[in-house]
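What follows is a single structure, written as structure tokens, with notes after it.
Nothing in this text is a laboratory measurement; each read-out follows from the coordinates by a stated rule. Predicted model only: the values in this text are computed from it and were never measured. Counting neighbours? That spans all protein chains shown, and the Cβs are built from the backbone with ideal geometry, glycine included.
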Amino acid sequence: MKTVFSDLQLAHAPAQEISDGELKPAVEIPRRAEIVLETVRQRKVGDVVGSEEFPIRPLQRVHASHYVSFLESFWGRWTEAGRTKEAFPFVWPIRSLRQDVEIEHIDGLLGRYSMDAGTPVGEFTYQAARASANTALTGAKLILDGEKSAFALCRPPGHHAGFDFYGGYCFFNNAAVAAQYLRDYGLNRVAILDVDYHHGNGTQALFYDRPDVLFLSIHADPKNEYPYFLGFADETGEHAGTGFTRNWPLPLGTDWDAYTPALEEACRWLLVYKPDAMIVSLGLDCFENDPISGFRFKSEDYILLGQRLAKVGVPTLFLLEGGYAVDALGTNCVNVLEGFGG
Ligand code: Q9C
Ligand code: ZN
């Protein structure tokens, strides 16, 4: 299986994040991508190819142009306002505040375009997020060219980012951008299976009213875990998309044995839907030693996950999402890819 990677993705290097209500060392760090790349090479998963450059269009098929421009222009405006360090938002247009006003101040814009205060934006965040989306698009292109599988080593991750907002360490929704690209270049039905520990709220929202992209997610129950406000079992799509979203929220402490019934059900939906291609939002934060998560996967369980996904039997694009136990991240990720084979 080919791996797609770009060095530019390493330029987003946050120092801190707001977690548990306080400033802590950032966990979504460049080292994550480096260790996965090193392990891909060591264990000879296959060739590593560079990400191609894509125009802005495929991004704008998924995200609002004004949101893309906001991220592009952010650092210049932030430093013009006299700020020198990475940015955290701190005010949001919630219920009872106006959504329709034109915002000029950068602090207002930060709140307008974010969903949480846990996602720092720095000097090279836009550049890295673009490279991450390009990595996903290059992977999608490999699938269109007939590869049976590919691995897009994306960083920063994407599945929390929505039409016009960032959050959860995510800026552009790599899986959604890749899915839309596959649709635009000839595939009729695309499925996204999200196995990150956290619910993929951005991806779900982007395709919620569409039957052409099936969204399936298995994750920690949002009543007790980020993102808290989406990812419940009664969310199954709307309008033309009714029935084309499925969620399996699972309790904290879930191990592989407790996880598999949900995975089996998800695979059954894939069998019924018969997608032309599948995108796996591959978070590795269900791992027992993940520093911010509460599931109990062992490293060996990731081999089983890969093997099960291979049995679905459709062209598969793996995209890296979360996973913060850095020392085990390469092993866990390559376990999935090896288990899948090809
Ligand atoms: N106390 C992804 O895995 N907040 N994003 C964590 C921990 C945000 C995770 C707080 C977690 C976002 C792509
Ligand atoms: Zn996650």
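Under 5 Å between amide hydrogens, which residues at least 5 positions from L250 or on another chain qualify, with H placed 1.01 Å from N in the peptide plane?
Result for L250 returns H219, A220, D221.
R0 = 30 Å: FRET efficiency of K298 with D47, Cβ-based, nearest 0.05?
0.55
Please give me, ordered by residue number, the GluC sites (Glu not before Pro) of region 250-324 that lie in loop per DSSP and have at most 14 other Cβ atoms within 10 Å.
E300
Which ordering of I218, I103 is given by a fewest-first count of other beta-carbon atoms within 10 Å?
In increasing order of surrounding Cβ atoms, one gets I103, I218.
What net charge do the residues around D301 carry, taking every other residue with its C-beta under 12 Å from that of D301, with Lys and Arg at +1 and Asp and Glu at -1?
-1
Could you list which residues have their amide H under 5 Å from that of S114, counting only those 5 or more apart in sequence or on another chain, with H placed in the peptide plane?
Under 5 Å from the amide H of S114: Y166.
Applying the Karplus parametrisation 6.51 cos²θ - 1.76 cosθ + 1.60 with θ = phi - 60° to the phi angles of region 123-135, what ³J(HN,Hα) value in whole Hz is obtained for each residue in order, glycine and proline being reported as x?
Computed from phi, the couplings for region 123-135 are 4, 10, 4, 4, 4, 5, 5, 4, 4, 5, 5, 5, 5 Hz.
Can you sort M278, M1 by how many other beta carbons sit within 10 Å, fewest first?
The most exposed by this proxy come first: M1, M278.
Per residue of the chain, what 222 nm ellipticity follows from adding -39500 (n - 2.57) for every DSSP H run with n ≥ 4, rounded to the nearest 500?
-11000 deg cm²/dmol
Can you list the GluC sites (Glu not before Pro) in region 15-115 that are in a DSSP coil and have 15 or fewer other beta carbons within 10 angstrom?
Here the sparse-neighbourhood loop sites are E52, E53, E102, E104.
Beyond a 24 Å Cα-Cα separation, which of these cross-linked pairs lie in this structure: K148/K298; K85/K223; K2/K311; K24/K85; K2/K24; K223/K274?
Over 24 Å Cα-Cα: K148/K298; K85/K223; K2/K24; K223/K274.
Return C154, C333 ranked ascending by Cβ neighbour count within 10 Å, so the fewest neighbours appear first.
C333, C154
Within region 76-144, report the trypsin sites (Lys or Arg not before Pro) that DSSP leaves as loop and that have at most 16 other Cβ atoms within 10 Å.
R83, K85, R95, R98
Within a Cβ distance under 11 Å of T119, other residues only, what is the Lys/Arg minus Asp/Glu net charge?
Net charge in that neighbourhood comes out at -4.
Would you give the gap between the C-alpha center of region 1-79 and the C-alpha center of region 244-307, rounded to a whole Å?
Going from one Cα centre to the other spans 23 Å.
Which net charge results for the neighbourhood of L329, defined as the other residues with beta-carbon distances under 12 angstrom from its beta-carbon, given Lys and Arg at +1 and Asp and Glu at -1?
Overall, the nearby charge balance is -4.
If each of S65 and D257 carries a label point 7 Å out from its Cα toward its Cβ, how far apart are those two points in nm?
Each label point lies 7 Å from its Cα, and together they span 5.6 nm.
Highest GNM mean-square fluctuation, the chain, Cα pairs closer than 10 Å: which of R246, R155, R189?
In the Gaussian network model the winner is R189.
Suppose the chain between W92 and Y185 were pulled fully straight at 0.36 nm per residue; how much longer would it get relative to their current alpha carbon spacing?
Difference between extended and current length: 29.8 nm.
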